[in-house]
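Engineer: The structure follows.
Values in this text are rule-based calculations from the coordinates and carry no lab data. Being a predicted model, the structure only gives us computed values, none of them experimental. Methodologically, a virtual Cβ is constructed for each residue, glycine included, from the backbone with ideal geometry; neighbour enumeration extends over all protein chains shown.
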Amino acid sequence: MIGLLGKKVGMTQIFDEKGNCLPVTVLEMGECRAVQVKTKEKDGYDAVQLGFAEITKKHKKKAPKPLMGHCKKADLKPMKYLKEFRVDDIAPYNPGKKLTVEIFEDGEQVKISGTSKGRGFAGVFKRYGFGGQSATRGSHEMFRHGGSIGNATEPARVIKGRKMPGHMGNNKVTLVNQRIYKVVKDKNLLLIVGGIPGPNGGLVEVVKSDRNGKGKN
């Protein structure tokens, strides 16, 4: 399914027709440009490669030359982000074509991907919500520890997947069946009901859902 690349602007709240207060995330999507169109005859599958965020003149000298040549084939300036979307019909797309939020509709369900905020090295309290040990008489320096991680003679090792301190966040997170409350076409904005992973200004990917119907919640 075709989609768009954009950035997260932030969150706000709006009131619907029934007077309910809804938290919404504002996404600025595109405009995106079709950098390359792949076909079954040449590449083995049908897909459209979209580019987002032109590299400014100030940073153009840092752009890789292969990227500049790749975008030049479509008469485009080098793009900072490239993403490929597989489609069933490539007829509507050609290199250089502009795609905006007009491909989406109010109330439509979409799939959204973003990179979660990086939290660095975190303990089990913050990473997994452990409850800790009692802080009563007899406890010593173990209030925020994870406790024992080992086993008895059998299997005599630490089981894989044990919840322990480590790197937290900075992972790709995908949310499905997110409802578009409103499409603001003149400003290329999408208002999504609920929260979206990632910081303000972070890259997000919105893809049309293959599920039938529109979201109710």
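Engineer: Describe numerically, in nm with one decimal, the distance between label points set 7 Å from Cα along Cα→Cβ at N170 and at K57.
Structural biologist: 3.5
Engineer: For the range 120-166, build the convex hull from the C-alpha positions and give me its volume per residue in Å³. Walk me through the intermediate numbers first.
Structural biologist: Working: hull volume 4.5 nm³, N = 47.
Spread over its residues, the Cα hull of the range 120-166 gives 95 Å³ apiece.
Engineer: Residue by residue through the range 108-114, what is 3J(HN,Hα) from phi via Karplus (6.51 cos²θ - 1.76 cosθ + 1.60, θ = phi - 60°)? Round to whole Hz and write x for glycine and proline.
Structural biologist: Along the range 108-114, the couplings run 6, 8, 9, 10, 10, 10, x Hz.
Engineer: Right, next: Grab the beta carbon distance between T12 and R86, set R0 = 41 Å, and tell me the FRET efficiency rounded to 0.05. Don't skip to the answer; put the middle values down first.
Structural biologist: Working: r = 33 Å, r/R0 = 0.82.
Step by step, r from the Cβ atoms, then E = 0.75.
Engineer: So, one more: What share of Cα pairs, in percent, lie more than 16 angstrom apart in the range 58-180?
Structural biologist: Working: 5997 of 7503 pairs.
So the pairs more than 16 Å apart make up 80 percent of the total in the range 58-180.
Engineer: By per-residue mean of other Cβ atoms within 10 Å, what is the highest-first order of 60-67, 118-125, 78-85? Present the calculation step by step, with values, prior to reporting the outcome.
Structural biologist: Numbers: 60-67: 10.5, 118-125: 13.0, 78-85: 18.1.
Top of the packing list down: 78-85, 118-125, 60-67.
Engineer: At a Förster radius of 25 Å, what calculated FRET efficiency corresponds to the Cβ-Cβ distance of S148 and A122, to the nearest 0.05?
Structural biologist: Working: r = 20 Å, r/R0 = 0.80.
With R0 = 25 Å, the Cβ-Cβ based efficiency is 0.80.
Engineer: Follow-up. Can you give me the pair-distance distribution of the chain, C-alpha pairs, 10 Å bins, whole percents?
Structural biologist: Bins of 10 Å from zero give 7, 24, 26, 19, 14, 8, 2, 0 percent of pairs.
Engineer: For K111, list the aspartates and glutamates whose Cα falls under 12 Å from its own Cα; do not include residues on the same chain fewer than 8 positions away.
Structural biologist: Leaving aside aspartates and glutamates fewer than 8 places away in the same chain, those within reach of K111 are E205, D210.
Engineer: Quick one: plug the Kirkwood hydrodynamic radius of the range 32-99 (C-alpha pairs) into Stokes-Einstein at 20 °C, 1.002 mPa s, and report D in µm²/s. Before the final figure, lay out each step's value.
Structural biologist: Working: Rh = 12.3 Å.
Result for D is 174 µm²/s.
Engineer: Compare the peptides 105-115, 127-137 by average per-residue count of other Cβ atoms within 10 angstrom and give them in order, highest first.
Structural biologist: Details: 105-115: 18.0, 127-137: 10.6.
The most tightly packed comes first, giving 105-115, 127-137.
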